[in-house]
1. Kindly provide the helix-only [θ] at 222 nm of the chain, computed as the sum of -39,500 (n - 2.57) over DSSP H runs of four or more divided by all residues, to the nearest 500 deg cm²/dmol?
2. Can you pull the one-decimal nm distance between simple spin-label points at E5 and S161, each 7 Å off the Cα toward Cβ?
3. At a Cα cut-off below 17 Å, give the aspartates and glutamates reachable from K296, other chains included and same-chain residues fewer than 8 away excluded.
4. Within the range 116-272, how many Lys pairs that are eight or more residues apart, or on different chains, come under 16 Å at the alpha-carbon?
5. Can you tell me the FRET efficiency between R53 and H27 if r is taken as the Cβ-Cβ distance and R0 is 22 Å, rounded to the nearest 0.05?
6. Kirkwood Rh, the chain, all Cα pairs: how many Å?
7. Sorting S127, S385 on the 10 Å Cβ count, fewest up front, what's the list?
8. If packing is taken as the mean number of other Cβ atoms within 10 Å per residue, what is the order of 10-20, 214-224, 164-174, 311-321, highest first?
Amino acid sequence: MHDEETLLLTNCHVASMAGGSGYGAVHDAALLIDNGKIRWLGTRSDAPRTGVRRIDLGGRWVTPGLIDCHTHLVFGGNRAGEFEQRLKGASYEQIARAGGGIMSTVAATRASTEEELIKGAIPRLRSLAASGVTTIEIKSGYGLDLQSELKMLRAARELESKVPMNVVTTFLGLHAVPPEFASRPDDYVEIVIKAALPVVAEERLASAVDAYLETIAFSEEQVERYFAAATALGLKRKLHADQLASGNGAHLASRAKALSADHLEYLDEAGAKAMASAGVAAVLLPGAFLTLRETKVPPVDLLRAAGVDMAVATDCNPGTSPMTSMLLAMNLGCTLFGLTPFEALKGATINAAKALGHDDEIGSIEPGKAADLAVWDVAGPAELSYWLGHSPLHTRFKGGVEVGLSHRERIAELEPGRRVDQSRVAHEARV
Ligand code: NIG
Ligand code: FE
């Protein structure tokens, strides 16, 4: 199967997520894919009848491939021990201040080779793929020295060749103050600005930068300087903001014209309004909220009232959110934060694309956008937020190529001359 081929997906229902107020549902639909892009969407009776290869989707639902717009997927080791400590009553801050938390992952990540990081991340990425994800954002931030940060970003990039997935990388230079700079955090910020940012920009290892604005991490003034330097180098901005306490994060992200402000448990009305007028997306991370057993939920009603685009993501990381399912993130967005299933799907598609600055290419099923799709065994799109731990995914398409659930071998299976597994592709026929 070649991606320049014209392909018609037929006998399906489509939630296009184009147009804002509803699912953009097209029943008894067909979808024409050309050169890896969506060329046409309409009802089956209006579809071209000849000259194209067709795949009958057996009445299944098609959505845009899901987008996990906030992850720390690449890391060494894991923090199950810290999980046990927290269950016995230790807080995230206490563990961090005692040198554990992010720092223990930094030590394990520095000690890993690029290959080891890739090998460790593949099963998590496959799990995300099996939950319908076709694009993932991956942050660095567990290296905290130039070589280790670059190693993380290269590992993240390399994952695209291991699992069929679009990977968007973000440089999280200001995640934590590394131990060697413990007494002089400003020197660390200076080094990140002078030595790391130019290399990241020059080698195009990331399209955006991120920072952790929190009393246990970096100050407003430090983040502001870092953002200014990143902006000057053409890098976009994202921010871990207002997660554990109110810290003006939404305002800072808005002043910096960031793509997104993420977490936002302590966001207030003025912050939500600032984000709306600056066009900053809100990325809600219920996995971290659940894992840390937080009690203050992000103010979804204020975000709604202000008209902020809300995205949902896994925040997959070893400390606060060891979660590898976008469907679970959507479910928790509904059950813990009060999103509607429609808002959750929007948050996993078009709004997640906005949070990455790629909404002109992905996130909805519209002519001209990439044919990145998820095909589901569900009776309607609300069911995607309903299951807890089950993935009704039937198959995925990336750039118009059927890539199945998670395995690259699936592409080989579909190459011409090879037998197609009929149990996984509903029906395929040449007309
Ligand atoms: O998004 N907030 C900071 N970063 C991660 C947690 C990282 C960790 O604990 O390893 C987060 O929650
Ligand atoms: Fe995070």
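1. Value at 222 nm, helices only: -9000 deg cm²/dmol.
2. 2.5 nm
3. E93, E214, D242, D262, E265, D268, E269
4. 7
5. Numbers: r = 23 Å, r/R0 = 1.05.
Given R0 = 22 Å and the Cβ-Cβ separation, E is 0.45.
6. Values: mean 1/r = 0.0458 Å⁻¹.
After inverting the mean inverse Cα-Cα distance, the result is 21.8 Å.
7. By the 10 Å Cβ count, ascending: S127, S385.
8. Listed from highest to lowest mean packing, they are 311-321, 164-174, 10-20, 214-224.
Every number here is computed from the coordinates shown, using simple stated rules; none is lab data. Small disclaimer: the values here were computed from a predicted structure and weren't measured. Neighbour counts run over all protein chains shown; Cβ positions are idealised from the backbone, glycine included.
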